[in-house]
Amino acid sequence: MKIILFAKQVPDTQNITGDAMKKDGTVNRGALPAIFNPEDKNALEMALSLKEKYNATIIAATMGPPKAAELLRETLYMGADETFLITDRAFAGADTLATSYALACCAKKIADYDIIMCGRQAIDGDTAQVGPQLAEKLNIPQLSYVLEILKINKKKKTIKVKRAIDGGFEVVEAPLPILLTVPEAANEPRPASAKKIMSFKKAMTGFELQKKHGDAIYEDSELLATEEAKLRKKNLWIQELTAADINADVERVGLKGSPTKVKQIENVVLGGGSLKNIEPSIEGISGLVHELIEDHILG
Amino acid sequence: MSKKNIGNVWVFIEQDTSKIAQVSLELVCKGRELADELGVKLEALVLGKSVKKLTSEIISYGADKVFFAEGEELEPYTTLPYTKIIVQLVKKHRPNILLFGASGVGRDLAPRVASTLLAGLTADCTELRIDDFEDKISKTQHKDKLMQIRPAFGGNIIATIVNTWEDPQMVTVREGVMKMEEPDNSRKGAVEEIEYKLSEIEKAVKVINRETTEKSVNLTASQIVVAGGYGVGSADNFKLIQKLADALGADVGASRAAVDAGWIGHDHQVGQTGVTVRPKLYIACGISGAVQHRAGMDASSKIIAINNDPDAPILSVAHYGIVGNLNEVIPKMIEAYKSKV
């Protein structure tokens, strides 16, 4: 059984500190640490439970800049088997439609998958759109908000899951291949394994390999090839994929492939009142209660 | 009507066991406003086992026409049959705008539909309005576009998004964000049944079992909300919030921190990941007021903030601030209220 996990490296919007917001109210992306999108970790945890139960292979992939390789190393530390970094300047500025197109091209390149998994949503946009859009692009069914995988029938190629719905849950049976999105409530992701950190901390992309050896390696293609072969042999090679590698139509990726455009970004302006301070004494509070009754706000 | 050469405004009506989701009716009201401004019609579509009888209610909230499809396989909701029917209908009638509730169903369905249509989709809009847009990159002018306004980056900024491709312009909106207007039962509208055919593959996802419970509280309808945050301190202390609510005839709300701490259920959560409320009176107790919380309650008519921190952000939206220990302030408030009425 082959599982593809799509994960995203995101700015840590849940822990916005003082200097992360600029004076004009916009976000200073540079000041925010890049983290593993939390619900993508829940998806990875669910994939790992399938690896244990059904002997599945987990291929982790992410789309992002070169530094997103860090996220892929983290997936290896937790138990992923193989990693791909989809990276190309052409992908910049993508909205959810262009993103799902690029991920679909990657999934087609990897091919022969049974399950595609991703977190319910990413904390930088909170849209929860890429999962369903990716399923549509691959023409496979989707099950969103999956809390638990109850059963997989390898022979019949079916899956039975428990998924969250508004006000409760439902049990659903569906054919494979399928795309699942996983919410935070599904599980508690395992920590990285110390042993795996030792094994995979030197996993790297071609970009990182070049950086490690400095400019010299650019001029020595033989050395580069040898180093790559060494890493591949030890399963330490993070494969980079460009738009061309995944046969993506450049008109459909990045800003060009995005129907939605950002018109403007503003500081959050909230309504609300001219503050009146009330003394925390019984007199102060009685006065306030009296005023609210007079104004028919309290009955 | 329909003087401009653009499509109509559409609302997807979510229903279960012939009960319409509140968010759908809120969107009919908002859709009516947008359609009037554009000079086009407001049309709705509803799918399910027995939905023809819902059409008059949808019309009473402002729809000019309701498309409906009935069938056993359309309930409970599954993604692919709904996608197929909606896509087929959109391709035929080419609406200008298509609104979905940002419910579990809406957030599963809208992206699938948008992806099939190659349409732009913006999630969780908090405001919608019509305006012109100049795309500075492609140097193109777009007249009368839907401004899709939403929080982004964890709610720390507000972005205005525009769909520059062909229609429809698609958005989802959470429950409680748009205001529900009174229905007008004398309103007349057209009704049209949709024919559809599903393939085996489209019917392949089967719901075997389903368990739901009614929401324990519907804060969007509350007149008075007493809400507690992390500053309340403990589950035991949270009883004080309930006490004040009981005394005032109010409902209990909470910040995300109080819900995450397990002091109260998620149905009570106010804010961007909970519900948006607009009561006559909102009393925030021990809530520091992260922007995500404030965005869900700043439209309340009057806001009282009880907090021991004189610099708490909640005070920026409050009308009355009581800086002090809530364990002392709340009993005094209960006492003051009881002696006045």
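Every number in this text was worked out from the coordinates using simple rules, so none of it is lab data. Remember, it's a predicted structure, so these values are computed and weren't measured experimentally. All Cβ positions, even for glycine, are placed from backbone atoms using ideal geometry, and neighbour counts span all protein chains on display.
The table below gives the values:
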quantity	calculated
DSSP-defined antiparallel bridges as percent of all bridges, the protein assembly as shown, nearest 5	40
Rg in Å to one decimal, and Dmax rounded to a whole Å, for chain A via C-alpha atoms	23.9, 86
Counting DSSP beta bridges with both ends in segment B:65-198, the antiparallel % (nearest 5)	50
Counted charge near B:LYS340, where neighbours are those whose Cβ lies closer than 14 Å (Asp, Glu -1; Lys, Arg +1)	-3
Using distinct alpha-carbon pairs, which all enter the 1/r mean, Kirkwood radius of the protein assembly as shown in Å	26.4
Using distinct alpha-carbon pairs, which all enter the 1/r mean, Kirkwood radius of segment A:24-118 in Å	14.7
Rg to Rh quotient for chain B, alpha carbon positions, Kirkwood Rh	1.02
Anchor B:LYS30: aspartates and glutamates whose Cα lies under 13 Å away (excluding residues fewer than 8 positions away in-chain)	B:GLU43, B:GLU127, B:GLU175, B:GLU181, B:GLU182
Counted charge near A:LEU76, where neighbours are those whose Cβ lies closer than 15 Å (Asp, Glu -1; Lys, Arg +1)	+3
Environment charge of A:PRO175, counting only residues whose C-beta is closer than 13 Å and scoring Lys/Arg +1, Asp/Glu -1	+3
Cα-Cα over 29 Å, subset of A:LYS41/B:LYS136; A:LYS276/B:LYS338; A:LYS151/B:LYS53	A:LYS41/B:LYS136; A:LYS151/B:LYS53
For segment A:118-242: Kirkwood Rh in Å [reciprocal of mean 1/r, alpha carbons]	18.1
